[in-house]
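Presented below is the structure to which this report refers.
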Amino acid sequence: MQAAVEEAHKAGRKVAAHAEGLQGILNALEAGVDTIEHGNFLNEEAAQRMVTGGQILVPTLSPFYRMAQLGTEGGIPEYAVRKARQVVSASFHAVELAKTYRVPIASGTDDGSPKLPHGVLVYELELLVRAGLSPLEALHAATTIAAKACGLFDQIGTLESGKSADFISVTGDPLQDISALRNVDTVVIQGTFVKRNDAPLLRQSSITEVHL
């Protein structure tokens with residue numbers, strides 16, 4: 001694993017580790033990965049090592065919470081429901097630890113998991129707030145820290161000179177209620193309106209219409 005990380009870093013690439021169990025997390029940190037995806041069973045030692053190593057945690061609460069929420073009545077196998085409920089509890093604790101030790105948290109959803117369609121980022125942010133983040137911290141997880149996790153902070157993640165002008169406006173105040181992000185009114189990508197006043201706009205021929 002360490003050799004893979006070293007070679008990736010030589011090529012200027014980020015390395016993400018799919019790590020749920022504690023030993024896998026510790027192994028990945030020892031190898032020098034950049035992000036821990038899931039990190040469900042993070043403990044104090046791992047959190048401290050992430051701070052020292054500068055790694056980012058991507059909790060992905062959505063898939064496990066969704067399976068636990070639906071249960072067998074929603075078509076999820078019993079063994080998966082049982083595991084999901086264990087993982088949800090551990091994952092919420094992992095977020096608490098990360099916040100306590102100041103481990104950077106980026107939002108990620110593991111979209112495409114059972115009963116979890118693509119495009120459910122707001123659901124993840126709502127869960128991060130439920131797990132203990134403030135709405136502002138959840139917004140940073142979806143923007144600034146996510147951009148750093150992807151190695152794109154010089155291009156996106158904040159609104160400032162020299163970066164891509166990507167932003168949205170919503171109805172309501174997400175700093176008071178993160179669910180306001182469900183009410184997207186306007187979308188601007190690279191300084192161009194894609195959606196304004198809740199109506200999609202036509203763009204260049206390569207993209208005829210964008211529905212958000």
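Give a quick list of trypsin sites (Lys or Arg not before Pro) in the stretch 1-104 that DSSP marks as loop, anything other than H, G, I, E or B, with at most 10 other Cβ atoms within 10 Å.
Values: sites: K10, R13, K14, R49, R66, R82, K83, R85, K99, R102; in loops: R13, K14, R102.
Listed in order of number, the matching sites are R102.
Of all aspartates and glutamates in the structure, the ones whose alpha carbon falls short of 16 Å from that of K10, not counting any fewer than 8 places away in one chain, are D34.
What share of the DSSP beta bridges in the chain is antiparallel, in percent to the nearest 5? In the chain, approximately 55 percent of DSSP beta bridges are antiparallel ones.
Taking 14 Å as the cut-off, the amide N atoms of the stretch 82-109 that come nearer than this to a point 7 Å along the Cα-to-beta-carbon line of Q48 belong to 101-102. Here the translational diffusion coefficient of the stretch 1-134 follows from Stokes-Einstein with Rh set to the Kirkwood radius across Cα pairs; for 37 °C and 0.692 mPa s it amounts to 216 µm²/s. Across the chain, C-alpha contacts under 8 Å between residues 6 or more apart give a mean separation that, scaled by the residue count, equals a relative contact order of 13 percent. Listed by chain and number, the lysines whose alpha-carbon sits under 16 Å from that of K163, ignoring those within fewer than 8 places in the same chain, are K148.
Give me the extension gain from V170 to E78: residue separation times 0.36 nm, minus the current Cα-Cα distance, reported in nm with one decimal.
Length gained between V170 and E78: 29.3 nm.
Can you give the FRET efficiency for H93 and K10, using 1/(1 + (r/R0)^6), R0 = 45 Å, r = Cβ-Cβ distance, to the nearest 0.05? It would help to have the intermediate numbers written out before the result.
Numbers: r = 36 Å, r/R0 = 0.79.
Once rounded, the FRET efficiency stands at 0.80.
Helices that extend 15 Å or more along their long axis by alpha-carbon positions and average at least -0.5 on the Kyte-Doolittle scale are, among the DSSP H runs of the chain, 78-101. The lysines whose alpha-carbon is closer than 22 Å to the alpha-carbon of K115, local same-chain residues fewer than 8 away aside, are K83.
In plain terms, the bigger the Kirkwood radius, the slower the diffusion; for the stretch 48-113, with that radius from Cα pairs, at 25 °C and 0.890 mPa s, Stokes-Einstein puts D at 192 µm²/s.
Read-outs throughout are calculated quantities, based only on the coordinates presented, and are distinct from any laboratory measurement. From a predicted model like this one, the values you see are computed outputs, not experimental measurements. Note that each Cβ is placed from the backbone with ideal geometry, even for glycine, and that neighbours are counted across all protein chains shown.
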